[in-house]
1. Quickly run through the range 76-92 and pick out the residues that are out of contact with any strand residue (DSSP E or B) (no Cβ under 7 Å at 6 or more places or on another chain) and closer than 17 Å to Ser41 by Cβ.
2. Taking the condition of being among the hydroxyl-bearing types (Ser, Thr, Tyr) and modelled with pLDDT of 55 or more, how many residues in the range 11-68 meet it?
3. Search the range 122-133 for residues that are touching a residue at least 24 places away in the same chain (Cβ under 8 Å) and more than 16 Å from Thr74 (Cβ to Cβ) and pair each with any residue that is buried (at least 16 other Cβ atoms within 10 Å of the Cβ) and of a type in the set (A, V, I, L, M, F, W, C) when their beta-carbon atoms are under 8 Å apart and the residues are at least 6 apart or on different chains.
4. Could you pull out the residue among Ser87, Ser115, Ser91 that is within 18 Å of Lys31 (Cβ to Cβ) and within 15 Å of the chain's Cα centre (by Cα)?
5. Take the residues in the range 97-129 that are hydrophobic (A, V, I, L, M, F, W, C) and out of contact with any Leu (no Cβ under 8 Å at 6 or more places or on another chain); name whichever of them is farthest from Ser41 (Cα to Cα).
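The values are calculated or read from the model by the stated rules, or taken from the named source; none is laboratory data. The model shown is predicted, which means the values in this text are computed figures rather than measured ones. Here Cβ is always computed from backbone atoms with ideal geometry, including for glycine, and neighbour counts include all displayed protein chains.
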Amino acid sequence: MNIKHTLLSTLIATTAFTSSVSAVENDSSFKLAIVKGYLGSRAIALGNYAKGINYLTRKNAVNKNFESKMGLCTAYIKMSNIDKSESACTSAINDLKTIKKDNKQVTYIKSVSYSNRGVSRYLSDDIAGAIDDLTTAVLIDSNPITTHNLKLAKYK
């Protein structure tokens, strides 16, 4: 797995977008993160989730790496396929555990990965798991995405 090179070269391009995700109440607005510039990311960011998933899951896709798992996590959340989203989010988090380097970029991407999984867990009514992941995300890196999602989950 060439995650170190790929991750470090794309972390600067990591972006977050706000998305309305239907949860218990329709006015919930969680923030999700995706790796900008990666295969399928543009389609997902533009709201074409099925197309993004197709890019990321096709048979001849070169890598099933962190970036693709992060994209799948977000796209599946947006399509309300919570089982697949949690699985993709967990796989992305597991990929990050192999990185020994601990700099600001790696810390940020770890935090938003936990935040994405926390949103997925929240939407599956695993509130305790969601709060645990969102708290972990804030403890790793207290940034606008992680703090917003934790506050929102606690408010509900």
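1. Residues satisfying the conditions are Tyr76, Met79, Ser85, Ala88, Cys89, Ser91, Ala92.
2. The total comes to 8.
3. These pairs meet every condition: Ile127/Ala153.
4. Numbers: Ser87 fails: within 18 Å of Lys31 (Cβ to Cβ); Ser91 fails: within 18 Å of Lys31 (Cβ to Cβ).
None of the others qualify; the one that does is Ser115.
5. Ala128
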